[in-house]
Amino acid sequence: MEKFNKNLKNNNKNMQNDENFSKNDINFKKSLGQNFLFDTNLLNAIVSDGDVESNDLVLEIGAGAGTLTKALAMKAKKVISFEIDKSLIPILESRKKECPNIEFYFQDFMDAEIDNLFEGKARVVANIPYYITTPIVFRLVQKLEKFKSIMVLVQKEVAERFASPHGTKDYGTTSIILQSIFEVSIPRIVRKECFIPPPKVDSALCKLVPHNKYQISDFKSFKDFVHLSFSMRRKTLVNNLKSLYDKDKVVNVLQQFGYNANTRPEDISVENFIKIFKNL
Ligand code: SAM
């Protein structure tokens, strides 16, 4: 990492970088997933992918050097941004001088009190560390009523898992749970070379927009049902559900929706999963 820091000046010559800022001042912490974006064209494109408009309140998780924070603040009404690494305070304070509509919280987002943080609904736009992606996304999902949309930049394979349709190898519990609530799309792939320092793998923006397509009154039971359905991926749905549901009843319900006793969970669409859950 030190060697990398010394070579920063030579990196990414083609990027349009933020002129007010010296990257050499940063001690990038791998343990906090600190891979930052500095290319203003890319940052502005991300803001645009997130549908951020002038009356929007944006919640950002992981400000880093505040480059995305600034791009968001130039477009939005207000940005509330969390950063766990207090060594970034001086850099981020200077961002706040440039853009007074930014409010920073220097704390772990997982401990943040979201309920009273802001009035109305916010958009989430965040480049989040790979090791905490799923907990952060599910924390946001729990407070769904507070958000218009959630767009996270995550490892490409994670985004693909979130967005994958039934019948594909990536389709599983997370895909079904998220797609039962959101329209899930991948508006942009961000190659690893765009980050400083570059991570090992490419990333992708994953956009989650609530669709209100399905009424699931007991969402916790639905989540448990989906987890049980995939408890053994290679087994049939009937086999996975046998600890809780009568086999004949499951077969009967499967047949109602065009499946049979040999159907595997990954071959059932989100819509049909919800129907099967409701019928059982
Ligand atoms: N937004 C910046 C960008 O796009 O260049 C930085 C993104 S970097 C991938 C993720 C940032 O999240 C790091 O600055 C890291 O310190 C911060 N972070 C990691 N865990 C966090 C947590 N639990 N709460 C708040 N920030 C966290």
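Overview of results
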item: Some residue of the stretch 248-271 being surrounded by fewer than 16 Cβ atoms within 10 Å (Cβ to Cβ), without any contact (Cβ under 8 Å) to a residue 12 or more places away in the chain and of a type in the set (Lys, Arg); result: no
item: Test set (1) exposed (fewer than 15 other Cβ atoms within 10 Å of the Cβ); (2) over 30 Å from Gln34 (Cα atoms); (3) without any contact (Cβ under 8 Å) to a residue 60 or more places away in the chain - Phe222 fails condition number; result: (1)
item: Contacts under 6 angstrom Cβ, first residue in the stretch 30-50 being assigned by TED's automatic domain parsing to the domain that holds Thr67 and part of a helix (DSSP H, G or I), partner more than 7 Å from the ligand (Cβ to nearest atom) and among the polar types (S, T, N, Q), 6 or more apart; result: Thr40/Gln16; Asn41/Gln16
item: Of residues in the stretch 173-195 being hydrophobic (A, V, I, L, M, F, W, C) and in a strand (DSSP E or B), the one surrounded by the fewest Cβ atoms within 10 Å (Cβ to Cβ); result: Ile189
item: Residue identified as of a type in the set (Val, Ile, Thr), within 22 Å of Asp115 (Cβ to Cβ) and assigned to a helix (DSSP H, G or I) among Val152, Val137, Val158; result: Val137
item: Contacts under 7 angstrom Cβ, first residue in the stretch 119-142 being more than 9 Å from the ligand (Cβ to nearest atom), partner of a type in the set (Lys, Arg) and in a helix (DSSP H, G or I), 6 or more apart; result: Lys121/Lys146; Ala122/Lys146
item: Residue match in the stretch 72-89 (condition: without any contact (Cβ under 8 Å) to a residue 12 or more places away in the chain and either exposed (fewer than 14 other Cβ atoms within 10 Å of the Cβ) or within 13 Å of the ligand (Cβ to nearest atom) (or both)); result: no
item: Looking only at the stretch 97-117, and only at residues there that are touching a residue at least 24 places away in the same chain (Cβ under 8 Å) and part of a helix (DSSP H, G or I), the one that is farthest from Ile136 (Cα to Cα); result: Glu98
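The values are calculated or read from the model by the stated rules, or taken from the named source; none is laboratory data. These numbers come from a predicted model, not from an experiment. Glycine also receives a Cβ, built like all others from the backbone with ideal geometry; neighbour counts cover every protein chain displayed.
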